[in-house]
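The structure under discussion appears below in the form of structure tokens.
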């Protein structure tokens with residue numbers, strides 16, 4: 001537990017010291033949303049807005065999470081290998097990426113509200129769904145980034161590997177977010193969908209614990 | 001005193017029976033497929049509105065998906081075995097079963113396209129965008145995208161041990177995520193596909209209670225026949241690769 005906390009703290013410290021990558025991702029979000037803003041003559045319809053938002057979330061996540069393994073040099077990985085267990089290491093990475101992605105999700109949500117207007121009926125509910133979404137997407141892409149890092153590849157490979165895997169969750173999230181757009185759901189259906197997303201997250205987590213040790217040793 | 005006949009007289013017979021014991025399933029596959037093609041085109045089928053004679057596609061199209069799933073499951077099992085033992089042979093098995101499974105998936109798409117052309121397009125005037133949103137098509141597309149990514153991932157390695165290990169990890173992870181999607185997506189998207197919740201049968205999977213007994217007579221042998229053929233093709237590819245890499249395997 002202590003080890004995990006230390007590893008997370010190390011990642012956050014690194015992030016704070018090398019602010020360029022953090023601000024880089026924020027600028028990436030801002031530029032993307034601005035391009036969207038200019039390319040739509042009027043504010044997009046709620047359904048289009050919803051789809052655009054989630055697709056942008058995917059690309060933001062790739063940019064946020066991609067560097068988590070690619071930036072670690074070979075020597076430093078060897079050092080981590082000698083001081084911590086693979087399970088501690090992957091948990092720390094997952095926690096750190098979830099924190100980062102939740103922050104980025106909120107920033108992109110605010111920018112969407114500012115530039116593309118707010119078609120959401122229940123903003124609080126939608127924010128909740130966005131946080132859940134950021135959480136799920138970052139889990140999958142953390143593992144994909146670990147795999148892509150082994151192949152010495154760039155962010156493109158993360159996208160190829162991750163998109164088919166994240167699709168079911170993304171469809172669930174898009175469906176779920178229509179609840180915040182004023183669509184009436186069957187009693188308890190919203191909770192059921194949330195439960196399903198969390199269940200999938202649990203599965204991703206479990207697979208990460210089982211499979212990461214095999215990626216780790218070289 | 002009677003003498004027993006010399007062993008060598010029996011030897012050819014004995015060897016033949018070993019060959020038969022080893023290869024009977026290939027003969028079975030061939031016989032079943034001959035039966036599928038002859039019976040599939042000539043035997044009587046139920047006459048249904050819109051479907052008409054296209055119902056015979058059941059013997060080809062649906063069998064491709066079943067064969068694909070069997071081959072993918074086999075591939076994942078070999079990937080798990082690889083991670084347990086780190087034997088390079090298992091990686092050759094896993095990748096070739098995945099390759100033939102992908103080929104079957106593409107054939108499944110092709111046979112489905114021909115079928116949809118005569119039912120959904122001409123008789124029901126569905127647009128292409130509508131057809132591609134079918135849950136079964138989404139599931140199949142995800143499977144093909146996953147295995148496409150699997151081969152891109154494999155191609156980006158030069159070190160064979162690393163390639164085997166990392167691609168095994170991806171194979172297991174992606175496959176484990178594929179099953180929930182096959183289970184969840186049909187419940188999110190409406191469907192026209194036969195054997196789906198939108199249609200009369202009420203089951204997102206293929207409804208086995210719903211099949212006419214005339215279809216069953218050919219369908220079950222066809223599934224077994226095509227699947228065995230897929231395994232046969234895979235073993236040929238595997239033998240070729242084992243031979244090609246024999247220096248790596250034994251050196």
Quiz item: Does residue B:114 satisfy the criteria of being surrounded by fewer than 17 Cβ atoms within 10 Å (Cβ to Cβ), away from chain A (no Cβ under 14 Å), modelled with pLDDT of 80 or more and under 15 Å from the mean Cα position of the chain (by Cα)?
Solution: no
Quiz item: Of all the helices (runs of 4 or more DSSP H) wholly in the range A:118-218, which have at least 3 residues that are crowded, with 20+ Cβ neighbours inside 10 Å and more than 13 Å from chain B (Cβ to nearest Cβ)?
Solution: A:123-150
Quiz item: Identify, please: which residue in the range B:32-78 is touching a helix residue (DSSP H, G or I) at 6+ places or on another chain (Cβ under 7 Å) and not in a helix (DSSP H, G or I) and is, among those, farthest from residue B:218 (Cα to Cα)?
Solution: B:50
Quiz item: Does the range B:220-235 hold any residues that are without any contact (Cβ under 8 Å) to a residue 24 or more places away in the chain and touching a helix residue (DSSP H, G or I) at 6+ places or on another chain (Cβ under 9 Å), and which are they?
Solution: B:235
Quiz item: residue A:110 fails exactly one of the following numbered conditions: (1) free of Cβ contacts under 8 Å to residues at least 24 places away in the same chain; (2) assigned to a loop (DSSP other than H, G, I, E, B). What is the number of that condition?
Solution: (2)
Quiz prompt | Of all residues making up the range A:38-92, the number that are touching a helix residue (DSSP H, G or I) at 6+ places or on another chain (Cβ under 9 Å) and in a loop (DSSP other than H, G, I, E, B) | solution = 7
Quiz item: Within the range B:192-222, how many residues turn out to be within 14 Å of chain A (Cβ to nearest Cβ) and either modelled with pLDDT of 75 or more or over 20 Å from the mean Cα position of the chain (by Cα) (or both)?
Solution: 0
Self-check item: Residue selected from the range B:125-180 under the condition in contact (Cβ under 8 Å) with a residue 12 or more places away in the chain and assigned to a loop (DSSP other than H, G, I, E, B), by the criterion farthest from the other protein chains (Cβ to nearest Cβ)
Solution: B:126
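Mind listing whichever residues of the range A:22-45 are farther than 17 Å from residue A:101 by Cβ, at pLDDT 90 or above and surrounded by 12 or more Cβ atoms within 10 Å (Cβ to Cβ)?
Residues of the range A:22-45 farther than 17 Å from residue A:101 by Cβ: A:31, A:34-45.
In the following step, the residues that additionally are at pLDDT 90 or above were identified as A:31, A:34-39.
Matches in the range A:22-45: A:34, A:36, A:37.
The values are calculated or read from the model by the stated rules, or taken from the named source; none is laboratory data. Since this is a predicted model, take the numbers as computed values, not measurements. Virtual Cβ from ideal backbone geometry, glycine too; neighbours counted across all protein chains shown.
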